[in-house]
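Have a look at the structure below before the remarks.
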Amino acid sequence: PLAEDPYITMNSDGTIWTDGSGWHYVTFERKQINSASSQLDTGVARTKNFRTDWEVWNGSAWTTSLSTHAIVLARGAAASWEQDFTGSPVVVMDSGVATMLYEGANGSNYQTGIARSTDHVTWTKEASNPVSTLDVPDDIRKIGSTWWMVGHGTAGNQTRYSTTVAPGSWNSSSWTADAAIFENGGNSVNLVFGPDGDRWATY
């Protein structure tokens with residue numbers, strides 16, 4: 001309940017990550033729990049089969065009371081770049097560390113930050129945040145020694161991509177409109193969503 005933009009924690013090669021006890025982790029944007037619907041933050045759930053056994057972190061323990069999910073990545077302080085919300089998380093495991101890219105906002109200014117965790121519950125934000133001026137990170141992979149991020153922004157309503165050698169060093173000016181990479185056939189599928197009148201729809 002009251003959760004949006006869920007993202008399954010992945011291995012850096014794109015396979016689904018599982019911890020030593022068989023749990024898969026899903027990080028999500030917590031919706032309309034705070035005093036204003038525009039002030040959002042991030043929570044986490046876990047499951048062993050994606051159909052049942054769901055639990056959420058309630059701030060002190062994992063529980064099957066799914067409406068009690070707590071903040072694991074909070075909004076920033078007043079006047080910070082992320083004062084309004086932290087959301088749209090994408091999480092990848094690399095060398096035992098979970099790296100999260102997330103969207104943060106201050107008014108109409110949206111940017112991307114990074115946080116890291118070893119347990120999916122306690123997250124440490126990158127000191128250099130925000131690492132990109134792109135609004136929303138959509139996916140992240142590591143191919144060889146190169147990290148790839150696909151995301152979208154309000155500038156031209158484009159889906160774009162960027163590469164880097166370290167997750168904390170994306171160059172905001174290096175984003176490239178990526179329409180062509182989804183027109184080359186193969187087995188890739190791109191799902192996008194946007195406004196359809198007063199509704200949001202996925203295509």
> Of the numbered conditions (1) open to solvent by less than 30 Å² (accessible area, probe 1.4 Å); (2) in contact with a Gly (Cβ under 6 Å, 6 or more places away or on another chain), Pro130 satisfies every one except a single condition; which is it?
Replying inline: (1)
> Going through segment 146-158 one residue at a time, which ones are at pLDDT below 75 and surrounded by 18 or more Cβ atoms within 10 Å (Cβ to Cβ)?
Replying inline: His152, Gly153
> What number of residues in segment 94-122 are more than 13 Å from the chain's Cα centre (by Cα) and within 23 Å of His24 (Cα to Cα)?
Replying inline: 9
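The values are calculated or read from the model by the stated rules, or taken from the named source; none is laboratory data. Keep in mind that what you see is a predicted model, and the values were worked out from it rather than measured. Quick reminder, even Gly has a Cβ in these numbers, built from the backbone with ideal geometry, and neighbours come from all protein chains shown. Side chains are part of the model used for accessible areas, which takes the heavy atoms of the whole protein and leaves out ligands, DNA and RNA. Shrake-Rupley method; radii C 1.70, N 1.55, O 1.52, S 1.80 Å.
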